[in-house]
Structures are given as C-alpha cells and as structure tokens.
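Report on one structure; see the data block that follows.
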Amino acid sequence: MNVRDSEHMIAELNKKESYELTQNVEDADLIIINTCSVREKPVSKLFSEIGQFKKVKKEGAKIGVAGCTASHLGKEIIKRAPVVDFVIGARNVSKITEVVNKKGAVEIDTNYDESTYMFGEYRSNPYKAMVNISIGCDKSCTFCIVPVTRGEEISIPSNLIIKEVQKAVDSGAKEITLLGQNVNNYGRRFSNNTSGAKNFTQLLREVSQVDGLERIRFSSPHPLHMDDEFLEEFAKNPKICKQIHVPLQSGSTNLLKSMKRGYTKEWFLNRCAKIRELTPNVAISTDIIVGFPGESQEDFNETLDVLEKVKFDALFSFKYSPRPHTEAQHFENQVESDVASKRLQKLQARHKEIQKEIMDAQVGTRVEVLFEELKSDGKVAGRSDEGRLVMVEGSEELLGKILPVDIKSANITVLHGVVTE
Ligand code: 5AD
Ligand code: SF4
C-alpha cells in the first residue's frame, strides 16, 4: 500500500508540478519519507533518517514526511524535527501538490475521502500495476494501529477500478495487483451510489474481463471473508494467480479472540484445506505475531501446529510490538521480550525447513513466468503464477512476456530454470 501511495505522490508531483524522480539524494529539490507505523522500529528510525537527509540534502531542498507515522504523529514531527517542511498522512496523498508549497503544512485528516479520486499515472514496473480498490480498515484487531492511521473503510466504485485497470493494461501492464487493507471485504461501504460489483468475488469477475489483462493478484485478504464462493472463483478463474496470503496472526483460538480476529484455529485450517482442495498447486503465505500479550507456551504450540498442518510457502513473522491507540497495549500479561524472541527464532527455523522442502519439490516442474527484470549477470528474473522468484539465462527480449519454464534447481528463495518452447 505504501509503495502505491508513493507512486501516487510521484504521479501527482509530475503532473501538476515540475518534479521528476532522481536517483541522487544530493540533487533532490524535494525529499519525501513515506513511513509505516505498524511496528515501533520503523517509527524510531524516522528521526535518525530525517537527520541523515538533513546532512546530505542541497540548500533549500524540502523534506516531507508521509504515510502512517505522519498520520499518527502529525505536527509532533515538525516540533521534533523543524527541518521537516510538511507532513502528509496515508489517507491524504492526493493533497501532495498542495502541501509541498506550504511550509509547515500538516494534512492528516482520516475522514478525508479519496475513494473517487483519480491519480496521475506512474508505476515503478512497466509490466505490473497496483490498483487500490478500497481505502482504510473497519476491523479493530487489538494489536493494529492501521484503522487509526488509515481511517474508516471505503470501497472504490468498480467502474473507476475497471478504468484504472484498463489504463494500466493499455500502457503495457500484464499483471494487476488489487490493493486494500482488507481487500476481500470489498463492497462494505461506498462513498456514493455504484451500479457495479457489490462484493470482492463480483469485482474479480469484472476485472478479469478486461481485455489484454493476463494476471490478477490481490493484497491483503482477511481469512474471515474467505467464503466458498470467493474460493471457487479464485480456483477456477484462469487470470487469478494461484497465490494467496492468509494472515494467521496466531494459531491459538484464545489469542485470536483477544486479538479480535473474528475466526478460530479450526476456521483457519478449514479455509486453508478448502483452498488446497480447490487449487492443488496453490502457494499460501501468512503473517504471524509471536509474543502477543497472554501468549502461553501452549498458545505458541498451537501456532506451530498450524505451521505443520498448512505448510506455508512464505511466512512473515513478527515479534509483537505495542502500539499507541490500540487496545492490546493496555493488556496485562505482556510477554517478556526474550521469551518472544526465542519463540520467533523457533518459528522461523521450522518454517525455513518447510520452505526448503517446498522449493526442492519444484525441481522438475514446469511453471509460467512473467519476466520483469534484467539482472547484471545475464539472468532474467520473473515471478511464477504462484509468486515464486524464477531466474533463467536470457536477454531483454524476455521482458514483459509470460513463458513456460522448466525448473532445474532450487534454493530457499529462488528457482532456476530454462525457458521451454
Ligand atoms: N506488532 C507486531 N506485528 C504487527 N502487525 C500488525 N500490528 C503489529 C504489532 N503491533 C503485523 C501483522 C500484520 C502485518 C502487516 O504486521 O502480522 O498482518
Ligand atoms: Fe490491522 Fe486487522 Fe485491519 Fe489488518 S484487518 S489492517 S490487522 S485492523
């Protein structure tokens, strides 16, 4: 979501002002730091980064802070770091061309509605585009700061989404990633009347009819909203890539309850089993938090049990980090830091073994790869339908093409293969 917000700001600054991207910070007239606030660490890095930029920036260059930390710290940022010229929240990116010319501007209103706003065009990858389908999040997971920083959930009317997808395809995109904080809850609330898709499954059907579009991905879905109809569409629609993120957070039903996730361990396992039943070659990834307040050894064992049962392709795992404006920061029984660290290590070590088995099993298979990047060593990199990184020997002629590849060898993160035909 932040990458897409950055693209939007770049597009707006390019369309309405005369800014262009530079690779050289010393040349920049404007430096924008787009921030995350989901865990404490990136927030604490912000002020040291501002200090670094202050040292290297050219005289008169402006510094802006954008994103979720901007939303939740607001004018505090300028107070602590007066070198900062403006602050712009994650929900307010369309105002970038206003704040950039207003010293001391702070735009962080989370009621601001960008759901019908059309941004200028910019994307970092010519073959892949991201398209927002909703903004904000209406859940209240007790560990999560996002509903405070990104505001209430509003879905973008599907005719606007289709227009964006068509525009991206017309300018060369083969693959679209539909974006929302809670992407498969699409249709919960629209800011105005819309005659198009009313839920995520309908939207997937509409998007897949866009001529010239070859691949659809989406990020990030919630396990609670994975009904059978959606999983059937996921399985049978050939344009939808067979990769799905199913964020677990914890394998313990008790902890899921105090996290207010809305599902049980059994529901989660049932959904993953259904996904595998309908889509046998699917790659499933997940997010797990360890050391959530009250997590006992038994609770953690339940998480390990889910790891064994589902065998995730990719795991994003985090030590719980208490966040302002969240319920869980006030919970008793905060888990000791070194206990949480040990659990995290154990989880990650076991996942690595599983991941190695999964990657080794890819050797000898044939996968469809969209080639997207030329490497310096004569290799071309791309992603398989299931989202795995694949490298082949080749030249720029491969770029932007989707071709079958026979996998010859694997390591834990990369598959190496040969283009067939
Ligand atoms: N502490 C640790 N991890 C968190 N996440 C969200 N909030 C926190 C927190 N307070 C993780 C969740 C989420 C991912 C994007 O970040 O796993 O799915
Ligand atoms: Fe945060 Fe939960 Fe919303 Fe995801 S669904 S953004 S974890 S509150």
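The values are calculated or read from the model by the stated rules, or taken from the named source; none is laboratory data. Treat the numbers as computed from the prediction; the structure is a model and nothing was measured. No Cβ is skipped: glycine too gets one built from the backbone with ideal geometry, and neighbour counts run over all protein chains shown. Accessible surface is based on the protein model in full, side chains and every heavy atom, while ligands, DNA and RNA are left aside. Shrake-Rupley method; radii C 1.70, N 1.55, O 1.52, S 1.80 Å.
Stretching Glu396 away from Ile412 to a fully extended chain increases their span by 3.2 nm, per 0.36 nm per residue minus the current alpha-carbon distance. Computed from phi, the 3J(HN,Hα) profile of segment 6-18 under the Karplus parametrisation 6.51, -1.76, 1.60 (θ = phi - 60°) reads 5, 4, 4, 5, 4, 4, 5, 5, 7, 7, 9, 10, 9 Hz, with x in place of Gly and Pro. For segment 326-339, putting each phi into the Karplus relation 6.51 cos²θ - 1.76 cosθ + 1.60 with θ = phi - 60° gives couplings of 10, 5, 5, 5, 9, 5, 7, 6, 4, 7, 4, 4, 6, 5 Hz, in residue order, rounded to whole numbers and with x for Gly and Pro.
Springs between Cα atoms under 10 Å define the GNM used for the chain, and in it the highest mean-square fluctuation of Asp338, Asp138, Asp360 occurs at Asp338.
For the chain, a simple Cβ point-charge model (Lys and Arg +1, Asp and Glu -1, everything else neutral) yields a dipole of about 680 debye relative to the Cα centre. Straight-line cross-link partners of Lys379 among the lysines, defined as a Cα under 18 Å from its Cα and at least 8 positions apart when in the same chain: Lys401, Lys408.
Got the relative contact order for segment 128-360 handy, in percent, Cα pairs under 8 Å and 6 or more residues apart?
18 percent
The distance linking segment 163-213 with segment 1-64 is 29 Å (Cα centroid to Cα centroid, whole angstrom). Per-residue Karplus couplings for segment 305-310, computed as 6.51 cos²θ - 1.76 cosθ + 1.60 with θ equal to phi - 60°, are listed in order as 4, 5, 4, 5, 6, 8 Hz, Gly and Pro entered as x. Taking the DSSP beta bridges with both ends in the chain, the antiparallel portion is around 35 percent.
For the chain, Cys36, Cys68, Cys137, Cys241, Cys272 have no disulfide-compatible partner, since no other Cys C-beta lies under 4.7 Å from theirs.
For Ile32, the residues whose modelled amide H falls within less than 5 Å of its own, excluding neighbours fewer than 5 places apart on the same chain, are Gly64. Counting charges near Gly387 (Lys, Arg +1; Asp, Glu -1) among other residues having Cβ under 10 Å from its Cβ returns a value of +1.
Measuring from label point to label point, each 7 Å out along Cα→Cβ, what is the Lys352 to Gln209 span in nm? The answer from the label model is 4.9 nm.
Among residues other than Arg343 with Cβ under 14 Å from its Cβ, the summed charge is -3 (Lys and Arg +1, Asp and Glu -1). For the chain, which whole percent of the accessible surface, found with a 1.4 angstrom probe, sits on carbon and sulfur atoms? Carbon and sulfur atoms account for 49 percent of the accessible area of the chain. Computed per residue of the chain from DSSP H runs no shorter than four, each worth -39500 (n - 2.57), the mean residue ellipticity at 222 nm is -10000 deg cm²/dmol.
Counting only C-alpha contacts under 8 Å and six or more residues apart, can you give the relative contact order of the chain as a whole percent?
Rounded, it is 10 percent for the chain.
Over what distance in Å are the Cα centres of segment 96-149 and segment 286-313 separated? When both Cα centres are located, 32 Å separates them. Rolling a 1.4 Å probe across the protein heavy atoms gives the chain an accessible surface of 45 Å² per residue.
If the segment from Lys379 to Asp138 were pulled out straight at 0.36 nm per residue, it would be longer than the present Cα-Cα gap by 82.4 nm. For Thr177, nonlocal amide neighbours, meaning residues 5 or more places apart or on other chains whose placed amide H falls under 5 Å from its own, are Ala129, Met130, Val131, Arg217. Among the trypsin sites (Lys or Arg not before Pro) within segment 363-393, those in coil by DSSP and having at most 11 neighbouring Cβ atoms inside 10 Å are Lys375.
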